[in-house]
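One structure is given here, and the rest of the page talks about it.
The values are calculated or read from the model by the stated rules, or taken from the named source; none is laboratory data. From a predicted model like this one, the values you see are computed outputs, not experimental measurements. Here the Cβ is made from the backbone with ideal geometry for all residues, glycine too, and neighbour counts use every protein chain on show. These accessible areas exclude ligands, DNA and RNA; they are computed on the full protein's heavy atoms, side chains included. Shrake-Rupley method; radii C 1.70, N 1.55, O 1.52, S 1.80 Å.
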Amino acid sequence: MNRMLDEPQLIQLPKVFDPRGNLSFIEGNNHLPFKIERTYWIYDVPGGEVRGGHAYKTLKEFIVALSGSLDVVLTDGKKEFRFQLNRSYMGLYVPKLYWRHMENFSTNSVALIIADQPHNEDDYIRDFEAFKNLGPKN
Ligand code: TYD
(Lines give C-alpha, C1' and ligand atoms only; values in the text may rest on other atoms or scores of the structure.)
Protein backbone atom coordinates (compact mmCIF):
# COMPACT_ATOMS: atom_id res chain seq x y z
CA MET A 1 0.00 0.00 0.00
CA ASN A 2 2.87 2.42 0.70
CA ARG A 3 4.32 1.91 -2.75
CA MET A 4 0.86 2.51 -4.12
CA LEU A 5 0.67 5.84 -2.34
CA ASP A 6 3.96 7.09 -3.78
CA GLU A 7 3.82 6.19 -7.46
CA PRO A 8 1.41 7.12 -10.22
CA GLN A 9 -0.44 4.11 -11.49
CA LEU A 10 -3.36 2.99 -13.54
CA ILE A 11 -6.11 1.34 -11.55
CA GLN A 12 -8.67 -0.86 -13.26
CA LEU A 13 -12.16 -0.49 -11.88
CA PRO A 14 -14.88 -3.13 -11.75
CA LYS A 15 -16.84 -3.42 -14.96
CA VAL A 16 -20.22 -5.08 -14.89
CA PHE A 17 -20.93 -6.13 -18.46
CA ASP A 18 -24.56 -5.88 -19.38
CA PRO A 19 -26.33 -5.92 -22.74
CA ARG A 20 -28.35 -2.97 -21.46
CA GLY A 21 -25.12 -0.96 -21.01
CA ASN A 22 -22.04 -1.51 -18.88
CA LEU A 23 -21.57 -0.23 -15.33
CA SER A 24 -18.46 0.63 -13.34
CA PHE A 25 -18.12 1.92 -9.82
CA ILE A 26 -15.62 3.24 -7.28
CA GLU A 27 -15.60 2.82 -3.53
CA GLY A 28 -13.15 4.97 -1.58
CA ASN A 29 -10.69 2.99 0.55
CA ASN A 30 -11.49 -0.05 -1.59
CA HIS A 31 -10.64 0.69 -5.22
CA LEU A 32 -8.72 3.85 -4.34
CA PRO A 33 -5.93 4.26 -1.80
CA PHE A 34 -7.70 7.14 -0.10
CA LYS A 35 -11.00 8.30 1.28
CA ILE A 36 -13.07 10.24 -1.22
CA GLU A 37 -13.66 13.84 -0.13
CA ARG A 38 -14.44 15.61 -3.39
CA THR A 39 -15.23 14.97 -6.98
CA TYR A 40 -15.29 17.32 -9.95
CA TRP A 41 -15.30 16.97 -13.69
CA ILE A 42 -13.85 18.78 -16.68
CA TYR A 43 -15.90 18.98 -19.84
CA ASP A 44 -16.59 21.20 -22.88
CA VAL A 45 -12.84 21.52 -23.41
CA PRO A 46 -12.12 23.34 -26.68
CA GLY A 47 -9.73 21.54 -29.04
CA GLY A 48 -6.08 22.01 -28.13
CA GLU A 49 -6.71 23.35 -24.63
CA VAL A 50 -4.66 22.28 -21.62
CA ARG A 51 -5.95 22.02 -18.05
CA GLY A 52 -3.96 21.70 -14.86
CA GLY A 53 -0.34 22.76 -14.87
CA HIS A 54 0.32 22.58 -11.14
CA ALA A 55 1.15 20.18 -8.34
CA TYR A 56 -0.44 19.57 -4.97
CA LYS A 57 1.51 19.65 -1.72
CA THR A 58 -0.59 16.96 -0.06
CA LEU A 59 -3.59 16.13 -2.25
CA LYS A 60 -3.96 12.71 -3.87
CA GLU A 61 -6.30 12.22 -6.80
CA PHE A 62 -7.70 9.74 -9.26
CA ILE A 63 -8.58 10.70 -12.84
CA VAL A 64 -10.91 8.79 -15.18
CA ALA A 65 -11.94 9.65 -18.73
CA LEU A 66 -15.62 8.91 -18.31
CA SER A 67 -16.16 9.69 -21.95
CA GLY A 68 -13.71 10.17 -24.82
CA SER A 69 -10.00 10.41 -24.19
CA LEU A 70 -7.33 12.69 -22.79
CA ASP A 71 -3.67 12.53 -21.82
CA VAL A 72 -2.43 13.10 -18.29
CA VAL A 73 1.20 14.22 -18.22
CA LEU A 74 3.04 13.95 -14.90
CA THR A 75 6.51 14.84 -13.80
CA ASP A 76 8.29 14.40 -10.51
CA GLY A 77 10.78 17.06 -11.57
CA LYS A 78 13.04 14.59 -13.39
CA LYS A 79 11.09 11.91 -15.21
CA GLU A 80 7.98 12.57 -17.26
CA PHE A 81 5.10 10.12 -17.49
CA ARG A 82 2.29 10.27 -20.04
CA PHE A 83 -0.90 8.28 -19.63
CA GLN A 84 -3.61 8.20 -22.24
CA LEU A 85 -6.97 7.66 -20.58
CA ASN A 86 -9.67 6.37 -22.89
CA ARG A 87 -11.64 3.75 -20.93
CA SER A 88 -14.33 4.56 -18.41
CA TYR A 89 -13.22 1.62 -16.23
CA MET A 90 -9.53 2.60 -16.09
CA GLY A 91 -8.24 5.56 -14.09
CA LEU A 92 -4.95 7.07 -13.01
CA TYR A 93 -3.93 7.47 -9.40
CA VAL A 94 -1.78 10.58 -8.95
CA PRO A 95 0.14 10.89 -5.67
CA LYS A 96 0.91 14.22 -4.05
CA LEU A 97 3.85 16.25 -5.38
CA TYR A 98 3.56 15.41 -9.06
CA TRP A 99 3.33 18.28 -11.47
CA ARG A 100 0.44 17.43 -13.77
CA HIS A 101 -1.46 18.71 -16.71
CA MET A 102 -4.13 17.26 -18.97
CA GLU A 103 -4.15 17.68 -22.75
CA ASN A 104 -5.32 16.11 -26.01
CA PHE A 105 -8.94 16.13 -24.90
CA SER A 106 -11.11 14.50 -27.54
CA THR A 107 -14.36 16.15 -28.61
CA ASN A 108 -17.02 15.75 -25.91
CA SER A 109 -14.60 14.10 -23.48
CA VAL A 110 -15.37 14.21 -19.77
CA ALA A 111 -12.66 13.80 -17.14
CA LEU A 112 -13.80 12.84 -13.67
CA ILE A 113 -11.39 13.73 -10.87
CA ILE A 114 -11.74 12.29 -7.40
CA ALA A 115 -9.69 13.84 -4.60
CA ASP A 116 -8.91 13.03 -1.00
CA GLN A 117 -9.58 16.55 0.24
CA PRO A 118 -11.71 19.62 -0.39
CA HIS A 119 -10.54 22.33 -2.73
CA ASN A 120 -7.85 24.43 -1.06
CA GLU A 121 -5.79 26.94 -3.02
CA ASP A 122 -3.08 26.77 -0.33
CA ASP A 123 -2.35 23.18 -1.33
CA TYR A 124 -1.46 24.15 -4.92
CA ILE A 125 2.06 24.65 -6.20
CA ARG A 126 1.65 26.75 -9.33
CA ASP A 127 5.29 27.72 -9.91
CA PHE A 128 7.21 24.98 -11.71
CA GLU A 129 10.60 26.28 -10.59
CA ALA A 130 9.45 26.29 -6.98
CA PHE A 131 8.14 22.75 -7.49
CA LYS A 132 11.48 21.52 -8.84
CA ASN A 133 13.27 23.04 -5.87
CA LEU A 134 11.20 21.03 -3.41
CA GLY A 135 12.28 17.88 -1.55
CA PRO A 136 14.54 15.01 -2.60
CA LYS A 137 12.02 13.45 -5.00
CA ASN A 138 12.11 16.56 -7.13
P1 TYD B 1 -7.86 24.68 -11.10
O2 TYD B 1 -7.70 23.50 -10.21
O3 TYD B 1 -6.85 25.78 -10.97
O4 TYD B 1 -7.94 24.17 -12.61
P5 TYD B 1 -6.81 24.23 -13.73
O6 TYD B 1 -5.54 23.86 -13.05
O7 TYD B 1 -7.22 23.23 -14.77
O8 TYD B 1 -6.83 25.63 -14.22
O9 TYD B 1 -9.32 25.27 -10.88
C10 TYD B 1 -9.83 26.32 -11.70
C11 TYD B 1 -10.71 27.19 -10.85
O12 TYD B 1 -11.81 26.47 -10.33
C13 TYD B 1 -9.99 27.83 -9.67
O14 TYD B 1 -10.36 29.17 -9.61
C15 TYD B 1 -10.55 27.14 -8.45
C16 TYD B 1 -11.87 26.59 -8.92
N17 TYD B 1 -12.14 25.27 -8.31
C18 TYD B 1 -13.05 25.17 -7.28
O19 TYD B 1 -13.62 26.17 -6.80
N20 TYD B 1 -13.30 23.93 -6.74
C21 TYD B 1 -12.70 22.81 -7.21
O22 TYD B 1 -12.95 21.70 -6.71
C23 TYD B 1 -11.74 22.94 -8.28
C24 TYD B 1 -11.03 21.75 -8.83
C25 TYD B 1 -11.50 24.18 -8.81
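Here the chain has 49 percent of its accessible surface on carbon and sulfur atoms, given a 1.4 Å probe and all protein chains in place. Per residue, the accessible area of the chain comes to 57 Å², computed with a 1.4 Å probe over protein heavy atoms only. Counting only Cβ charges, +1 for Lys and Arg and -1 for Asp and Glu, the dipole size of the chain around its Cα centre is about 360 debye.
Counting lysine pairs in the chain whose alpha carbons fall under 17 angstrom apart, excluding pairs fewer than 8 residues apart on the same chain, gives 15.
Would you kindly calculate the translational diffusion coefficient of region 49-138, applying Stokes-Einstein with the Kirkwood radius from alpha carbon pairs, for 4 °C and a viscosity of 1.567 mPa s, and quote it in µm² s⁻¹ without decimals? Calculated translational D: 97 µm²/s.
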